[in-house]
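Below: one structure, written as structure tokens.
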Amino acid sequence: MNPSSIAVVGGGITGLAAAWEFHKAAPDTRIALFEASNHFGGKIVTRTLEGCLVEGGPDSLLTEKPWALDLCRELGLEAELLPSNDAQRSFSILHRGRLHPFPAGCKLFIPQKVTPILTTTLLSPRGKARMLMEPFLRHRLPEEDESLADFTRRHFGQEALDRLAGPLLGGIYGGDPENMSMAATFPRLRELERKHGSLVKGMAGMMRQANANARQGKAPALFTSLRSGMQTLPDALAEKLKPHLRANSPVTDLQKTESGWLVNGEPFDRVIVALPARAAARMISGVDTGLEALLSRQSSSSSATLSLVFRKQEVNPLPTGFGFMAAHPLTSLLVGCTWTGNKFEGRDTPDHFVCRAFLGGPDAKSLIADGSGDTLVSQALAALRNVCPFLPETPAAHWLQRWPDGNPGYALGHLDWLKSIRKKEAEHPGLRFIGSSYDGISVSDCVRQAQQVSGNIQQHQNT
Ligand SMILES: Cc1cc2nc3c(=O)[nH]c(=O)nc-3n(C[C@H](O)[C@H](O)[C@H](O)COP(=O)(O)OP(=O)(O)OC[C@H]3O[C@@H](n4cnc5c(N)ncnc54)[C@H](O)[C@@H]3O)c2cc1C
């Protein structure tokens, strides 16, 4: 039997992992991975500034999601795995120009202890009372999808949304909590409500097990990175896939034929499109305008990271903890900041201290897309120094990495949208769309989707 042929479009982590999975399953398969740029890894980009390792995109993997970590181990990167320095794990919320420690004893934003809520400076007396009432209220989970904002308000009130859940959970997606689908982004919290009614009570049960593990020293760090940077993972995949990689090869033309697909005129049996949905929409326009319209419906938000390297002798005092996130509604483009060297060992040098600022919010969209780099950097630095006057005016080095429309919007109804896409896809055998736009934005979720798609097609092939 002739080996089948597969085109993978997009050389981010999703496309690389998909190509790897197909290659492992059937090494004779003709695989071509088309990447528009000369960089493999997409949003995963690592650099060195003044000897400090800095990340332009993701800085870590969430340890409890196993897929990317397992892939690292499979690629021989076990010794590279770097747990977050959880002994320093605390962070603050920037609210009305001041940093307030995030209340201790919360799991996500769900309180597990009364005293930290009573004593926090982050909430008003009314906000505290509303949060502490949660276990005593009746909660009714709507059948249909609900926004992060409505879900949080129902349980804990508006202040908890603006000052805890919005920055913490909304921040992960860079989206507007009023329009973020709870069913697609945090289904486990909905499940907790379904089972227990109260999130406080439900989480308490989960925490008993987690605390028992922690007492036995079994609790893994919350985040895991790679010692030589996140880029190590796509680099390792690219090394294995070398003969299959096509750099500087944007796919501009996708056509369906009687027996398969033409990708930039080259025939393949199957096409895996591992691009953000709107980029995928442009590609499919000549094949199925309904699918094109569906894919282009996904909204997105823009963000940027600004890595700043300061001379340690000029930072007084050196901050502790992991950093901070800004409360909602956002009042500047500064969404948050990580003290990188506190979160992961070995990121600072003896002479330099690294801070990574996240820029975004609704007002920053056009600035991130078209604004001058100097303006963005000076505005961000000014906003940061307003909050952290211990930082000097001039960094020793900086790197601004923009991600215009880089965060897919998991809007209300996302799961229905995805269902419609899968239904439409089924009309085009051999075509699949995977990646951060669809079924999870984390690097690990992207790897899982790649594993699933190759598994699915593998089964298909065998039957
Ligand atoms: C600032 C930031 C911080 C993040 N932090 C974390 C984190 O800490 N942990 C975490 O798990 N996740 C994080 N994420 C999310 C995660 O990084 C992304 O969801 C994931 O990397 C997306 O991978 P992807 O392969 O699906 O898409 P992408 O990385 O966007 O890759 C798509 C690729 O397709 C290429 N391409 C585009 N058009 C074409 C074309 N026509 N033909 C060929 N190629 C094309 C692009 O050049 C790109 O290389 C973060 C994201 C951002 C923006």
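As a rough footprinting exposure proxy, the listed residues 114, 447 were ranked by other beta carbons within 10 Å of their own, and the order from fewest upward is 114, 447. Counting only Cβ charges, +1 for Lys and Arg and -1 for Asp and Glu, the dipole size of the chain around its Cα centre is about 1500 debye.
Largest first, the three principal axis extents of the alpha carbons in region 102-215 are 35, 31, 28 Å in whole numbers. May I ask you to list the GluC sites (Glu not before Pro) in region 126-212 that are in a DSSP loop and have at most 11 other Cβ atoms within 10 Å of their Cβ? Taking region 126-212 and a limit of 11 other Cβ atoms within 10 Å, the loop GluC sites (Glu not before Pro) found are 143, 144. Close amide-amide hydrogen proximity is noted between residue 219 and 214, each under 5 Å apart and 5 or more residues distant or on a separate chain (H modeled in the peptide plane; Pro and chain starts excluded).
Fully extending the segment from residue 38 to residue 178 would add 46.6 nm, taking 0.36 nm per residue of separation and subtracting the current Cα-Cα distance.
Can you bin region 112-169 into rounded, prolate or oblate? Criterion: square roots of the alpha carbon gyration tensor eigenvalues sorted a ≥ b ≥ c, rounded for a/c under 1.5, prolate for a/b above b/c, oblate for the rest. The partial results should precede the final answer.
Details: a/c = 2.49, a/b = 1.52, b/c = 1.64.
It is oblate, given that a/c is not under 1.5 and a/b is not larger than b/c.
Footprinting exposure proxy ranking of 366, 198, fewest other C-beta atoms within 10 angstrom first, gives 366, 198.
With both labels modelled 7 Å from their Cα along Cα-to-Cβ, the residue 266 to residue 313 distance reads 5.5 nm.
Between residue 119 and residue 70, take the C-beta separation as r, use R0 = 25 Å, and let me know the FRET efficiency to the nearest 0.05.
Details: r = 41 Å, r/R0 = 1.64.
Using R0 = 25 Å, I get an efficiency of 0.05.
Electrostatic tally near residue 131: other residues with Cβ closer than 13 Å to its Cβ, Lys and Arg +1, Asp and Glu -1, net +4. Within region 126-157, whose backbone N sits under 15 Å from a point 7 Å along Cα→Cβ of residue 201? Only 133-141, 155 fall inside the zone, counting backbone N under 15 Å. Rg and Dmax of the chain, based on Cα coordinates, read 22.8, 72 Å. In this label model, residue 415 and residue 30 are separated by 4.1 nm, measuring between points 7 Å along each Cα→Cβ vector.
Sorting the segments 259-266, 207-214 by their residues' average number of neighbouring beta-carbon atoms within 10 angstrom, most packed first, yields 259-266, 207-214. The helix-based estimate of mean residue ellipticity at 222 nm for the chain, built from -39,500 (n - 2.57) per DSSP H run of four or more residues and divided by its residue count, is -10000 deg cm²/dmol to the nearest 500. Give the residues of region 197-235 whose amide nitrogen is closer than 13 Å to a point set 7 Å from the Cα of residue 107 in the direction of its Cβ. Answer for region 197-235: 198-214. Straight-line reach from residue 128: taking Cα to Cα under 27 Å and skipping same-chain neighbours fewer than 8 places apart, the lysines in range are 107, 113, 195, 201. The phi-based Karplus calculation (6.51 cos²θ - 1.76 cosθ + 1.60; θ = phi - 60°) puts the 3J(HN,Hα) values of region 102-119 at 5, x, 5, x, 9, 9, 6, 10, 9, x, 10, 9, 7, 4, x, 6, 5, 9 Hz, whole numbers, x for Gly and Pro.
A short reminder: the numbers here are calculations on the coordinates, not readings from a lab. Note that the structure is predicted; figures quoted are calculated from it, not measured. A quick note on method: Cβ atoms are made from the backbone with ideal geometry, for glycine too, and the neighbour counts reach across all protein chains shown.
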